[in-house]
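Here's the structure, in structure tokens; my notes come after.
The values are calculated or read from the model by the stated rules, or taken from the named source; none is laboratory data. This one's a predicted model, so the numbers in the text were calculated from it and none came from an experiment. Neighbour counts are summed over all protein chains in view; Cβ atoms, including those assigned to glycine, are modelled from backbone coordinates with ideal geometry.
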Amino acid sequence: MTAGRLPLAWGATPEDLARRYPADTILAGPVLTLTRAVDVDAPRELTWRWLCQIAVAPYSYDWIDNRGRQSPRALTPGADRLRVGQPMAVVFELVSVDAPHQWTAVTVRRGRSLFGPVAMTFAAEPSGAASRIVCRLTVTQGGPLSRLRARVLAWGDLVMMRRQLLNLKSLAERDARR
């Protein structure tokens, strides 16, 4: 069940919304907080490896985010060896890694010109024998224009992130069944 309202939350529980993530403390000034989450019927370690694949490809709508190339359907060897400074999803750069739990990135110059300053944490949370992916984004919204841009981004991100999370869920669950 989703707590909160669209477009700010999708799939998030009240606990997800209350939990603090590194993305919550990176940006200065007023921010809009977005939380997206999905349950994954796979062990946390496998879910973590699929979250690391975002360094390789976007896993959302490939015809938009990946120039029509399909995101890999198999784990890329070594993709889970994340390092600070590494690019993630083309417009982000890793600022912290807490393997196998979470990674956090911020927009690089290209990303800031498109979306403004954004911080993003992806977490693989344990959930019994399974796991949960939680993504927290914070988007600056200091002035009227940045508040409008943050709200537009929230709706666009909801569409893209939902597809991304469902794709990663499907791939992790497929691998867990093997």
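Given the criteria over 15 Å from W48 (Cβ atoms) and in contact (Cβ under 8 Å) with a residue 60 or more places away in the chain, does R174 qualify? For R174, the condition - over 15 Å from W48 (Cβ atoms) and in contact (Cβ under 8 Å) with a residue 60 or more places away in the chain - is not met.
Could you tell me which residue of the range 154-164 is farthest from the chain's Cα centre (by Cα), considering only residues that are surrounded by 15 or more Cβ atoms within 10 Å (Cβ to Cβ) and closer than 13 Å to A9 by Cα?
Within the range 154-164, the subset surrounded by 15 or more Cβ atoms within 10 Å (Cβ to Cβ) is 154, 157-158, 160-164.
Next, from what is left, pick out any that are closer than 13 Å to A9 by Cα: 154, 157-158, 161-162.
On the way: A154: 13, D157: 10, L158: 11, M161: 7, R162: 10 Å.
Residue satisfying both the conditions and the ranking: A154.
Please give the number of the condition A123 fails out of (1) in a helix (DSSP H, G or I); (2) in contact with a His (Cβ under 7 Å, 6 or more places away or on another chain); (3) small (G, A, S). Result: A123 passes all but (1). Applying the condition of being among the aliphatic types (A, V, I, L, M) and touching a helix residue (DSSP H, G or I) at 6+ places or on another chain (Cβ under 8 Å) to the range 1-30 and asking which residue is surrounded by the fewest Cβ atoms within 10 Å (Cβ to Cβ) yields L6.
What do you reckon, is P100 touching a helix residue (DSSP H, G or I) at 6+ places or on another chain (Cβ under 6 Å), touching a residue at least 24 places away in the same chain (Cβ under 8 Å) and on the phi < 0 side of the Ramachandran plot? Considered against the rule, which asks whether it is touching a helix residue (DSSP H, G or I) at 6+ places or on another chain (Cβ under 6 Å), touching a residue at least 24 places away in the same chain (Cβ under 8 Å) and on the phi < 0 side of the Ramachandran plot, P100 comes out as yes.
Scanning the range 162-178 for residues that are in contact with a Leu (Cβ under 8 Å, 6 or more places away or on another chain) and among the aliphatic types (A, V, I, L, M) yields L168, A172, A176.
The residues in the range 31-47 that are crowded, with 23+ Cβ neighbours inside 10 Å and not in a strand (DSSP E or B) can be counted, and the count is 2.
With the requirement that a residue be touching a residue at least 12 places away in the same chain (Cβ under 8 Å) and either part of a helix (DSSP H, G or I) or farther than 19 Å from R36 by Cα (or both), what does the range 126-140 give you?
First pass over the range 126-140, keeping only residues touching a residue at least 12 places away in the same chain (Cβ under 8 Å): 126-127, 129-140.
Matches in the range 126-140: A129 only.
Screening the candidates F122, F115, F92 for the property of being surrounded by 15 or more Cβ atoms within 10 Å (Cβ to Cβ) and either within 16 Å of L46 (Cα to Cα) or among the β-branched types (V, I, T) (or both) yields one hit, F122. The set of residues in the range 63-99 being assigned to a loop (DSSP other than H, G, I, E, B), over 22 Å from D157 (Cβ atoms) and at pLDDT 95 or above consists of A74, L75, T76, P77, G78, A79, D80, R81, R83, V84, G85, A99.
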